Amino acid sequence: MREDIARKLGFKFRSENQSITGINGITQASKYSANIEVSNRNYAFARNVKFSLSPKIADAIPVSKLNISDLNIPASIELADSNFHMPGQIDILIGSELFFEILNPEQHYLQEGNVILQNTKLGYLVTGTLPQSQQQANCCLISEPSLDITVKKFFELESLSDDFKEITKSEEEIYCEEHFVSTNKRDKTGRFIVRLP
């Protein structure tokens, strides 16, 4: 869910750091989450869902205004978003655990099957292909990296850091290190003894 929408609606935030990963591995940090009730207009369907909060979910969808004059959506159909054809910000992205729960089996096909009206508990969704001047795909994925992966990446970075240090040593540093390694020893008391160059 977009953070500004959650603030505007007065939802309580919880601190919870997560990484949200999208297409091409682009990662965005989410610092907060909120438990929010998702319902239809008459509250016949309502579920409490935990959302990660993000400043932005995706660019406006659709990218440009769609021409829906030829769609002929039946008057009896109540759309979940009556302004679906107008570019608008995405406020909420639901996960599969809720998406498949809101689907109803009824579908209507328009424009020779290119457009589908999918019945849901929130109203009908309009999906499919309409001619438009630009095409843009959007996809989001939330992943919570395991501690093992995070620790492994840390040690990989540390080993790269050590390799970098080896490469950037001056001649004087290399000579001093070689001199120390070849001339140091411990005496009976445990002290290190190094010969002066």
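The values are calculated or read from the model by the stated rules, or taken from the named source; none is laboratory data. Since the model is a prediction, treat every value here as computed from it, not as a measurement. Every residue, glycine among them, receives a Cβ derived from its backbone with ideal geometry; neighbour counts consider all protein chains shown.
Checked against the criteria, ILE102 does not count as over 30 Å from GLN28 (Cα atoms) and at pLDDT 85 or above. When GLY123 is tested against (1) at pLDDT 90 or above; (2) on the phi < 0 side of the Ramachandran plot; (3) of a type in the set (Gly, Ala, Ser), only condition (2) is not met. Taking the criterion of being part of a helix (DSSP H, G or I) and either loosely packed, with under 10 Cβ neighbours inside 10 Å or modelled with pLDDT under 85 (or both), the residues of region 174-197 that qualify are VAL181, SER182. Figure legend. Inter-residue proximity from region 16-44: first residues closer than 23 Å to LEU103 by Cβ, second residues surrounded by 14 or more Cβ atoms within 10 Å (Cβ to Cβ) and charged (D, E, K, R), beta-carbon distance below 8 Å, spacing 6+ or different chains. Indicated pairs: GLU37/ARG47; VAL38/ARG47; SER39/ARG47; ASN40/LYS121; ALA44/LYS121.
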